[in-house]
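One structure below.
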Amino acid sequence: MGRWQDILGWDNAQLRELRYIGYIYLKEGQYETARHLYEGLVLLDPNNDYDWRTLGALYLYMNQYPKAIEVLNKALELSPTNPGAQLNLAKAYIYQGDRVKGIRDAKKLISSLNKEVALDAEALVMAYEG
């Protein structure tokens, strides 16, 4: 458990509810509200890679690329082989203007076993390379 989770006396049930609410806001396109919830979640449960990945995706959706890169790198520290986080990180680099790094990272994902990630990575490379 995280320090704040201990202080509040929350268990995993409360965190699941908060994640669910955050996910609903995300799906409704209410990125700012969802971002606030996920920023709280990473404080409450700092070792939860899902929360970090989701927060990174939110920053990406909100065009806050440096923050997306920072948060997605944290997510990848916790779950180094997560293809979704890797793809979002490649996108963040490209959208920030570092096409070389983003395309290089995306090329590595073209052979991913996750077909959706592989296709998205291939499309990203085709769109931004050259």
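Observations on the model:
- Here each label is just a point 7 Å from Cα along the line to Cβ, and for Val100 and Asn63 those points are 2.6 nm apart.
- Loop GluC sites (Glu not before Pro), the range 47-130 (other Cβ atoms within 10 Å of the site Cβ: 15 or fewer; DSSP): Glu129
- Under the simplified labelling scheme, the Thr33-Tyr20 pair shows an inter-label distance of 1.7 nm, with each label point 7 Å from Cα along Cα→Cβ.
- Rg and Dmax [Cα atoms of the chain; Å; Rg one decimal, Dmax integer]: 15.5, 53
- Relative contact order [Cα under 8 Å, 6+ residues apart], the chain, whole percent: 15 percent
- Centroid-to-centroid separation of the range 89-121 and the range 43-77 [C-alpha atoms, Å]: 16 Å
- Cα gyration tensor, the range 60-109 - rounded (a/c under 1.5), prolate or oblate: oblate
- In the chain, helical runs assigned H by DSSP with n ≥ 4 each contribute -39500 (n - 2.57); averaged across all residues and rounded to the nearest 500, the mean residue ellipticity at 222 nm is -24500 deg cm²/dmol.
- Nearby lysines by direct alpha-carbon distance to Lys108 (threshold 25 angstrom, same-chain neighbours under 8 apart not counted): Lys67, Lys74, Lys91
No lab work stands behind these numbers, since they all come straight from the coordinates. Fair warning: this is a prediction, and the values are worked out from it, not measured in the lab. So basically every Cβ, Gly included, is an ideal-geometry build from the backbone, and we count neighbours across all protein chains shown.
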